[in-house]
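Input: a single structure, listed below in structure tokens.
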Amino acid sequence: MTQEQQWIQQAQTGDTEAFRHLVECYQKLVFKFCYDLTGNIHDSEDLSQEVFIKMWRNLKSFRSEAKMSSWLYRITMNAWIDRSRKKNIRVHADKAELKDETLQKAAISSGSDWNPETQTESIMLNQEVQTALNALTPRERAVFTLRHYEDLKLQTIGEQLGLTTGSVKSLLFRAVRKLQDALSPVLKEQLS
Amino acid sequence: MSRCKQVEQWMIEARFGELDASRQVKLADHLETCVNCQARSEKFLATMNRIDRYSRPELDNAYWTAYWNKLEARLPAQKSSFTETVRDSLNRMFKPATPAGWTPRLAFGAVIILVMGIFIGRAFFSNPQVIMQPIGNESSNLFIQTSQYVERSKLILLGIVNTDSESDDLFSDNFSRQQSMSRQLVNQSEPLKTALANCRQPMLQELVEELEVILLQIANLEAGGDIQGVDLIRSGAESNSILMKINLGELLLSRPQQKSELIKNIQSI
């Protein structure tokens, strides 16, 4: 039995210390996915914590032969789609976000040759991509994020979302088209 | 679907490593000759390049320590009810006999057998007087109307269920024709249900009711390709075994029709 399986078994009996170890193992993965879906740190934190609370509540139904990361992706997607439906939230990457310290940190960390110019460029680029991603529906965004950033196969995404591979493909194609449309003014500007 | 539209899909699949080798060759061949697709490909790759440069925040250890503290404060007590304990024990007992993924299939199989049993039982072994009761001209027309309703619903439903996502235009599933037909049929359902109820045809009435729900779902599909809606209809049709019910309904309808035709023939003689 692996260390993780031991923690799962212990956490299933209500051991919060074992659960903490599990959270530590997966918090970055879940948070990263939540960030790709929501586009800001505040919502990512809230959504990822909701995911871990759901994980805690339903841990007893988790089968040890299943893959924990897949299970967490599924919980995250369902939580995200539920949230979007209920609140009809569309995260707006508006100009105010430029002042977001954490985003600036992100920009700093992404550039090895840091200087104020590259920092600003990186912030602008993140903002553009965020705005483009915000044009997608929750499902389109989930499919695109899982395929592009998390590198999951279309078939696996279909299994996670309860959709056929054809439908997942269709969502991905539409997502790409919308992203192209949203980013085309920026790209034209760049080319000119 | 035009070649260029197909190629656009292949471009995306190729970028995500989901395109098979033979299609990759076809894609490359097409890109060599088609100027429009070359431009489209460049635009697509530039978009993806832009998206690839998108970065996520790297958060420090202090953030993650605070993260757990916040989470711990929000954790509720785990439920441990009697039913959960029983369910867990049953899960453990049956786990070796049912490999992962088989439970829903077994349940689905059981439901199909059950529904088939009910329909066959009602169709062939119930009181024939109840089923075959109305054979006058009026009821004969009713059976023909119902038969047409069921047949048209079946065609619409098959059109939706059998949409081939691989070969059809995935950018815009268009079901406008099916939707307008569905609307027409939905308008016919109410008088048909009333007439079937008056003629004491509970099975056919039930079938029309179920079809009406599906037709309403089809009529209400959002324009421009409502994938979620289509998947919902597909899964609903699958779980209700509606196509099998339609077939059984048709079987049931064919009997009174034959009988009414026989009566007509006798009258004409």
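The values are calculated or read from the model by the stated rules, or taken from the named source; none is laboratory data. Here the structure is a predicted model, which is why all the values come from computation and not from measurement. Cβ sites come from the backbone with ideal geometry, for glycine too, and all protein chains shown count toward neighbours. For accessibility, only protein heavy atoms count, side chains too; no ligands or nucleic acids. Shrake-Rupley method; radii C 1.70, N 1.55, O 1.52, S 1.80 Å.
Screening the stretch A:57-78 for residues that are open to solvent by 10 Å² or more (accessible area, probe 1.4 Å), in a helix (DSSP H, G or I) and facing chain B (nearest Cβ under 9 Å) and picking the one that is nearest to B:A62 (Cα to Cα) gives A:R57. Yes or no: B:L59 of a type outside the set (S, T, N, Q), surrounded by 11 or more Cβ atoms within 10 Å (Cβ to Cβ) and closer than 30 Å to A:Q49 by Cβ? Criteria met by B:L59.
In the stretch B:30-64, the residue that is nearest to the chain's Cα centre (by Cα) out of those that are more than 10 Å from every other protein chain (Cβ to nearest Cβ) and polar (S, T, N, Q) is B:S41. Whether a residue is surrounded by fewer than 18 Cβ atoms within 10 Å (Cβ to Cβ), modelled with pLDDT under 80 and outside any loop (DSSP other than H, G, I, E, B) was assessed, and B:E166 does not pass this test. Somewhere in the stretch B:48-56, is a residue without any contact (Cβ under 8 Å) to a residue 12 or more places away in the chain, over 22 Å from A:R174 (Cβ atoms), of a type in the set (G, A, S) and surrounded by 12 or more Cβ atoms within 10 Å (Cβ to Cβ)? Yes, the stretch B:48-56 has at least one match. In the stretch B:112-125, the residues that are farther than 12 Å from B:L207 by Cβ never reach a residue that is modelled with pLDDT of 80 or more and among the acidic types (D, E) with C-beta atoms less than 7 angstrom apart, at least six apart or across chains. Restricting to the stretch A:151-171, count the residues that are more than 7 Å from every other protein chain (Cβ to nearest Cβ), more than 16 Å from A:R74 (Cβ to Cβ) and assigned to a helix (DSSP H, G or I). Counting residues in the stretch A:151-171 that are more than 7 Å from every other protein chain (Cβ to nearest Cβ), more than 16 Å from A:R74 (Cβ to Cβ) and assigned to a helix (DSSP H, G or I) gives 1. Does the stretch B:10-30 contain any residue that is at pLDDT 90 or above, part of a helix (DSSP H, G or I), among the hydroxyl-bearing types (S, T, Y) and closer than 30 Å to A:K28 by Cβ? No: the stretch B:10-30 contains no residue that is at pLDDT 90 or above, part of a helix (DSSP H, G or I), among the hydroxyl-bearing types (S, T, Y) and closer than 30 Å to A:K28 by Cβ. Just one of the listed residues (A:A132, A:A175, A:A93) is modelled with pLDDT under 60 and surrounded by 16 or more Cβ atoms within 10 Å (Cβ to Cβ), namely A:A93.
Of the helices (runs of 4 or more DSSP H) lying entirely inside the stretch B:174-249, those carrying at least 1 residues that are within 15 Å of the chain's Cα centre (by Cα) and closer than 15 Å to B:V115 by Cβ are B:202-219, B:227-240.
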